[in-house]
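All remarks here apply to the structure that follows.
Values in this text are rule-based calculations from the coordinates and carry no lab data. Not measured: the values here are computed from a predicted model. FYI the Cβ positions are ideal-geometry reconstructions off the backbone, even for glycines, and counts take in every protein chain you see.
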Amino acid sequence: MDGNKDEALRCVRIAEEAIASGNKGRALKFIKIAQRLNQSLQVNELLAACEKIDSGSPASSIGEKGAMEIKNEPGVEKLGQGLNGEVSYTEEHVQLITKVKRNKDYYAILGVEKTCSVEDIRKAYRKLSLKVHPDKNKAPGSEEAFKIVSKAFKCLSDGDSRRQYDQTGLVDEFEYTQQHNVRRRRRRAGHDLFDDDFDPDEIFRAFFGQSDMFRTSHVYRTSRTAGHQREEVQGGGPNIMVLIQLLPFLVIILLAYLPFSEPNYSLQKTYNYQIPKTTEKHGVEFYVKSEAFDENYPLGSVARDNIENHVIKDYKNVLVHYCRVELQRRHWSKNLPTPHCDKLNNLGIA
């Protein structure tokens, strides 16, 4: 959707240039294209300017209505000027996006040497990501450039992926190898550097520690994601679709005939589990349903020890899960806290 808006604005600028040169046919053509790409775009002033071309009015009159002006300043050329007269991006922005997209080496993209440290990579990412972020850089192609920069940082900031990249040498070869090994990697590690769900904004938020750096939020997904999902769903034919639709009803029917008993405890306080208890070992808090819990499972009994051991095991599993997430984010920003990992250390688990 954002790509369509960028293309619509580009068509508007071409139409403004055509009006300035007195080419009514070309102007109308690109106005219509802009309307198809972005139906909410206001083009009444442009259409009125087109009519003035036939009536003999100077084509330059559109300038009074906020048409595009190109002013050359030292080192910077103003581009992307909309109908409200605001400059959305500069020639410097365009050149930066072009440079990032043209480079085929992650080190060159970030502007660092191959012998650089991880801290140098972090500094380069901090500087470059702010320049190419689509909320700040409105030049066409900024989203793609931002994703390329994020991929470069994610690859080079991790020791294993950086060694693999150094062996291949070029981005295209490295990504080709990664994509062909994606199934094996997902089975082993549960994720991959080049998954279709790769989200550069998540890396940006984790690195800078905030989600509204430019007061807007974006979720980036490649167009391949939706295509692959559709292929996976449609590839099995209508029988799979019918089975998917019936699956919830089959599960409900199955559960209705299965014996069901609620667990004796919960790690979270809920409507059914209101009474707090604490394990003798490690002091892990859990909740039970009945005041008769101590009578049914007296302290020191085998049954009570079994329940408390299960509580501690479940608690550790929760901490391990969130600790892994924290350690993954530490690759992107070493200053992020790791509270769940600290709790694991307190339990005596590395």
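Quick notes on this one:
- Listed pairs K99/K131; K138/K334; K123/K147; K32/K99; K127/K154 exceeding 24 Å between Cα atoms: K138/K334; K32/K99
- Backbone amide hydrogens, once placed in the peptide plane, bring Y89 within less than 5 Å of L79, excluding anything fewer than 5 places away on its chain.
- For segment 120-171, alpha-carbon Rg over 2.2 N^0.38 Å: 1.23
- Counted by Cβ distance under 15 Å from Y322, the other residues give a net charge of +2, where Lys and Arg count +1 and Asp and Glu count -1.
- Förster radius 25 Å - calculated FRET efficiency between D105 and F208 (Cβ-Cβ, nearest 0.05): 0.50
- Charge-dipole axis of segment 246-308 as Lys and Arg at +1 and Asp and Glu at -1 on Cβ define it, positive-most pick from T278, N306, I253: I253
- Sum of side-chain charges, L299 neighbourhood, beta-carbon under 13 Å (Lys, Arg +1; Asp, Glu -1): -2
- Phi-derived couplings, Karplus 6.51 cos²θ - 1.76 cosθ + 1.60 at θ = phi - 60°, listed residue by residue for segment 100-107: 5, 6, 7, 5, 10, 9, 4, 5 Hz, with x used for Gly and Pro.
- Per-peptide average of other Cβ atoms within 10 Å, ordering 295-302, 133-140 highest first: 133-140, 295-302
- Spatially, segment 98-124 and segment 276-325 are offset by 50 Å when compared through their Cα centroids.
- A Förster radius of 56 Å combined with the Cβ-Cβ distance from F249 to E51 puts the calculated FRET efficiency at roughly 0.35.
- Cβ-based net charge around N345, under 14 Å, with every Lys or Arg adding one and every Asp or Glu removing one: 0
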